[in-house]
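The values are calculated or read from the model by the stated rules, or taken from the named source; none is laboratory data. In this text the structure is predicted, and so the values were computed from the model without any measurement. Note: ideal-geometry Cβ built from the backbone for every residue, glycine included; neighbour counts use all protein chains shown.
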Amino acid sequence: MTVGQSRHLEDVFDPIIHLNYSPPSSTFSMEDLGFTVSDASTTIAGSVPFPLLSPEGVLAYRRAMKEALEPCASVYDTRTLILRNIAKHSKFIRDLWSHPETTRIISEVAGISLTVVMPIEMGHTNIQTSSSTIQEMMQEFQIEPSTQRVETTAEEANYDPLAVDSVVPWHHDSYPFVCVLMLSDTTSMIGGETYVKRGDGTPMKIEGPSLGYCVVLQGGQIEHLAARAFGTAERITAVTSYRSNVDGLYDNSYLSNVRPYSKTHDLYPEWTLYRLEKLQHELRLMQGIVLEARRNGHGVPLDTLNEFADNQVSYLQRTVRQMMCPTLCQDIVERFGLKAIYGAPTTWERIRSNPRFEELLPAAMKLTETLPLFSLYLSDWDTARGAVGRGKTLSSYCGPLSWDRKENGKTLEYTFGDELVRQGLREVLLAWLERTGLLGLAK
C-alpha cells in the first residue's frame, strides 16, 4: 500500500466531531513559580489538564498514527520511541493542529496569540511501551487505547522521578510553548506526571492528563521533566510546539533538543523559513514605526532602532548557528548516542572541575585555533566574553544567563566550553572535547 493509498483510510478532521474542549480549571503564572516575565516570556506559565479531543477524536488520531508509524518512527531510548514529522505523512494530524479552532483553544489557554512553530513540530509523538524495536511497536500498536493493567514491581511502585531516571530528564524545551496531548488510557497508570522547577529550585508537580486531555506549558522558559509511567501497557503523548504571534515578543527558540533526533534535511529548511518569516514581520513592524514617526514630524527613533538592530542581528545569527554541519551531527549521534549528547553539559562540568583542567586548557585552545570547524564559535566566544566582562546578561538555551560563577571567592573564567553550552551546541561541545583531548578529564 502506498502512502497516498493509506491516507484514504484517514478520517477528515472536523472540529465539531473531533474536538471536545473545556477550559482548564486553573492556570499558574510565572510569578506563581517565582519568576519575572522577560521579553521572551508571557504571564501564564502553564495549565492543569483540560479536555481537547472527543472519544471520536482520539480514535481518529490513533488511526492516523498507525498509518504513519513506518515512515516516522525511530528509537529514542530503551522502551521509548518517537514519531517525527508526522504531519507530513498524515493529513488528519496536520489539519487538526493547524486548524484555526485548535489554535484558538491553545492560544486562549496560554493567554496569548500563538502559532505552530513549523510543520515538523506538529504532533511530535513520544511512545513508552514494552517494545524495544520499531517492528515490535508496529505489531503491538492498536487503534483502541490499551486498558491492560500491568503489574508493578515494588521498585516501580516506589519510583521517584526526582531521584532516578525519567522519560525526559530536566530540560527546557527548544520552543517557547508546548501542548502535550495524552493518547493513552491512564486509568491504571502510576506516574506520568510533569514536574516544573520553581525559581528557588524546588519542584512542583502537574498531574498528567488523562485520555484526550492535554496541558499547555511555557516550556522554553521553565525547566521541567516528564516522569515515567507504570501500571499500563503504553503511554503515548503528542507534543505540538508553538511560538507567540505577538509583535515584538522575542522568539527564544533553539534546536538544541530536537536536532540530535531529527533529519536535518527536513528540519533545517523549515527552521530557516520560519525564522526568516518572523524576521520579515519584525522588519515590516519597524518600518511602520519609522513611517509613523515621519508622519508626526519626528526623526528616526535612533535608540529604538539601535536596540531593534541588535536584536535582529542576534536573532539571525542564532538562526544560522543552530544549524551546525549535518555530517558532524550524524557522526556525533552515531558514535556517542543521544544520552551522551543530552548529558554533554554535565560532562563539561565534570571536566571543568577536574584539577588538571586549568593546566591543559591553554594547549587545548591553541589547538582549537587551528581547527576550521570551530572558527565561527571562537568568534562568538570572543563577543560573549566581552559582554560578560561588561556585566551583561546573555541569552541562552536555558534562559537568561548572568555569569557570576565563583570558586574560592574568585570569579571563574568564561571559557570556550561555556560558550558552546550557552548556545546549546552539545554536538560541537563533544567534538571539541574529543579533538582537544579534554574529554579524557571526564573519566
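Here are a few things to note about the model shown:
- Some residue of the range 43-53 being crowded, with 17+ Cβ neighbours inside 10 Å, farther than 30 Å from Val246 by Cα and among the hydrophobic types (A, V, I, L, M, F, W, C): no
- Lone unmet requirement of (1) farther than 27 Å from Glu121 by Cβ; (2) surrounded by fewer than 17 Cβ atoms within 10 Å (Cβ to Cβ) for Glu277: (1)
- The one condition in (1) of a type in the set (Lys, Arg); (2) farther than 23 Å from Met30 by Cβ; (3) modelled with pLDDT of 90 or more that Arg235 fails to fulfil: (3)
- Condition check for Pro169: within 18 Å of Asp77 (Cβ to Cβ), of a type outside the set (Gly, Ala, Ser) and at pLDDT below 95: yes
- Inspection of the range 187-200 finds a residue satisfying the criterion of being assigned to a loop (DSSP other than H, G, I, E, B), closer than 18 Å to Leu81 by Cβ, of a type outside the set (A, V, I, L, M, F, W, C) and at pLDDT below 90.
- Note on the range 75-86: among residues that are touching a strand residue (DSSP E or B) at 6+ places or on another chain (Cβ under 9 Å) and not in a strand (DSSP E or B), the one that is farthest from Asp266 (Cα to Cα) is Arg79.
- If the condition is being crowded, with 16+ Cβ neighbours inside 10 Å and either of a type in the set (Asp, Glu) or modelled with pLDDT under 90 (or both), then the range 105-122 contributes only Glu121.
- Within the range 212-246, the set of residues being β-branched (Val, Ile, Thr) and either part of a strand (DSSP E or B) or closer than 23 Å to Leu19 by Cβ (or both) comprises Val215, Val216, Thr232, Ile236, Thr237, Val239, Thr240.
- The single condition among (1) of a type in the set (A, V, I, L, M, F, W, C); (2) outside any helix (DSSP H, G or I); (3) within 21 Å of His171 (Cβ to Cβ) that Ile332 does not satisfy is (2).
- Here the range 406-433 is the region considered, the condition is being touching a Gly at 6+ places or on another chain (Cβ under 9 Å) and closer than 14 Å to Pro345 by Cα, and the residue that is surrounded by the fewest Cβ atoms within 10 Å (Cβ to Cβ) is Leu433.
- Tallying residues that are closer than 14 Å to Val388 by Cβ and outside any helix (DSSP H, G or I) within the range 407-422 yields 5.
- Residues in the range 388-400 that are assigned to a helix (DSSP H, G or I) and surrounded by 15 or more Cβ atoms within 10 Å (Cβ to Cβ): Val388 only.
- Positions within the range 114-132 being under 20 Å from Arg63 (Cα atoms) and β-branched (Val, Ile, Thr), in sequence order: Ile120, Thr125, Ile127, Thr129
- Residue among Glu277, Glu270, Glu292, Glu234 that alone is charged (D, E, K, R) and assigned by TED's automatic domain parsing to the domain that holds Met65: Glu234
- Search result, residues across the range 304-316 that are under 22 Å from Asp266 (Cα atoms) and either acidic (Asp, Glu) or surrounded by 14 or more Cβ atoms within 10 Å (Cβ to Cβ) (or both): Tyr315
- Qualifying positions in the range 98-112 - in contact with a strand residue (DSSP E or B) (Cβ under 6 Å, 6 or more places away or on another chain) and within 14 Å of Phe50 (Cβ to Cβ): Ile106, Ser107, Val109, Ala110, Gly111
- Looking only at residues in the range 123-144 that are under 25 Å from the mean Cα position of the chain (by Cα) and modelled with pLDDT of 85 or more, the one that is surrounded by the fewest Cβ atoms within 10 Å (Cβ to Cβ) is Asn126.
Condition check ((1) part of a loop (DSSP other than H, G, I, E, B); (2) touching a Lys or Arg at 6+ places or on another chain (Cβ under 8 Å); (3) touching a residue at least 24 places away in the same chain (Cβ under 8 Å); (4) buried (at least 17 other Cβ atoms within 10 Å of the Cβ)) across all residues:
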| residue | (1), (2), (3), (4) |
| --- | --- |
| Ile341 | no, yes, yes, yes |
| Glu349 | no, no, no, no |
| Pro362 | no, no, no, no |
| Leu367 | no, yes, yes, no |
| Gly386 | no, no, no, no |
| Asp404 | yes, no, no, no |
| Arg435 | no, no, yes, no |
| Leu441 | no, yes, yes, yes |
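- Residue match in the range 285-292 (condition: more than 23 Å from Thr129 (Cβ to Cβ), touching a Gly at 6+ places or on another chain (Cβ under 8 Å) and free of Cβ contacts under 8 Å to residues at least 40 places away in the same chain): yes
- Against the test of being surrounded by fewer than 17 Cβ atoms within 10 Å (Cβ to Cβ), within 28 Å of Glu151 (Cα to Cα) and among the hydroxyl-bearing types (Ser, Thr, Tyr), the options Ser210, Ser184 yield a single qualifying residue, Ser210.
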